[in-house]
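Asker: Following this message is one structure expressed as structure tokens.
The values are calculated or read from the model by the stated rules, or taken from the named source; none is laboratory data. In this text the structure is predicted, and so the values were computed from the model without any measurement. Note: ideal-geometry Cβ built from the backbone for every residue, glycine included; neighbour counts use all protein chains shown.
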Amino acid sequence: MNDVYSPAEDTFLLADVLEREQLTGRAVLEIGCGSGYLTKIMAERKANVTAIDINPAAVEATKKLLSVEKSSVHIVQSDLFVKVRGKFDLIVFNPPYLPEGDGDKIAGSDTRYSGGRSGRKTIERFVIDCAAHMSEGGKALILISSLTGERAVCSLFEENGFAVHVIARKKVPWEELIVIEARCRL
């Protein structure tokens with residue numbers, strides 16, 4: 001599974017946040033399902049989950065993880081919202097958020113980690129289309145790093161009609177992980 005993002009500190013922080021969410025019967029979209037770790041948690045909590053990833057290996061890993069439960073999770077290969085239909089009560093995204101710096105090998109060009117030069121390349125695309133896939137009263141939970149630029153990401157959401165709040169933080173040795181909740185104001 002070297003080409004699939006494996007659960008790490010960021011995944012576990014999002015899992016902790018999801019433990020506080022009422023998921024039973026809710027329509028949930030996970031973008032970037034990776035190994036399927038969060039998808040499985042949400043399915044076990046009786047959410048109606050659609051899980052997507054651009055990486056075909058991640059789609060297969062998620063299907064394999066969930067086949068044991070004969071899950072009814074809908075799993076699709078898609079670049080962000082391209083193949084997503086419908087509206088969701090909750091959209092969960094752990095994007096590639098690490099910036100590529102001059103000579104910096106933090107993320108390199110590995111699409112599991114690299115969010116482009118600023119760390120926000122994929123996040124910017126996500127924000128533009130997110131509201132169109134939210135049900136009334138819905139929200140998005142997105143995880144970023146302090147290296148991504150918390151204020152810049154919050155401003156991006158605000159400029160696109162969202163109210164944002166930081167709902168969780170976790171300091172790890174090389175960065176701070178941040179979970180942002182975004183609700184559409186329009």
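Asker: Here is a check on your reading of the model: is Glu159 free of Cβ contacts under 8 Å to residues at least 40 places away in the same chain and over 14 Å from the mean Cα position of the chain (by Cα)?
Answerer: yes
Asker: One residue is enough: does segment 40-51 have a residue meeting the conditions over 22 Å from Gly138 (Cα atoms) and of a type in the set (S, T, N, Q)?
Answerer: For segment 40-51, residues over 22 Å from Gly138 (Cα atoms) and of a type in the set (S, T, N, Q): absent.
Asker: Which ones in segment 128-148 are among the charged types (D, E, K, R) and touching a strand residue (DSSP E or B) at 6+ places or on another chain (Cβ under 9 Å)?
Answerer: Those that are among the charged types (D, E, K, R) and touching a strand residue (DSSP E or B) at 6+ places or on another chain (Cβ under 9 Å): Glu136, Lys139.
Asker: Can you tell me which residue in segment 77-106 is nearest to the chain's Cα centre (by Cα), limited to those that are modelled with pLDDT under 95 and within 16 Å of Ser35 (Cα to Cα)?
Answerer: Asn94
Table: residues versus (1) over 24 Å from Ala168 (Cβ atoms); (2) in contact (Cβ under 8 Å) with a residue 60 or more places away in the chain.
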position: Glu21; (1), (2): no, yes
position: Ala43; (1), (2): no, no
position: Asn55; (1), (2): yes, no
position: Leu66; (1), (2): yes, no
position: Arg85; (1), (2): yes, no
position: Ile91; (1), (2): no, yes
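Asker: Quick test for you: out of Val49, Val68, Val17, pick the one residue that is at pLDDT 95 or above and either closer than 20 Å to Ile123 by Cα or out of contact with any Asp or Glu (no Cβ under 8 Å at 6 or more places or on another chain) (or both).
Answerer: Val17
Asker: Could you list, in sequence order, all residues of segment 149-161 that are surrounded by fewer than 22 Cβ atoms within 10 Å (Cβ to Cβ), touching a helix residue (DSSP H, G or I) at 6+ places or on another chain (Cβ under 8 Å) and under 16 Å from Val179 (Cα atoms)?
Answerer: The one that is surrounded by fewer than 22 Cβ atoms within 10 Å (Cβ to Cβ), touching a helix residue (DSSP H, G or I) at 6+ places or on another chain (Cβ under 8 Å) and under 16 Å from Val179 (Cα atoms): Leu156.
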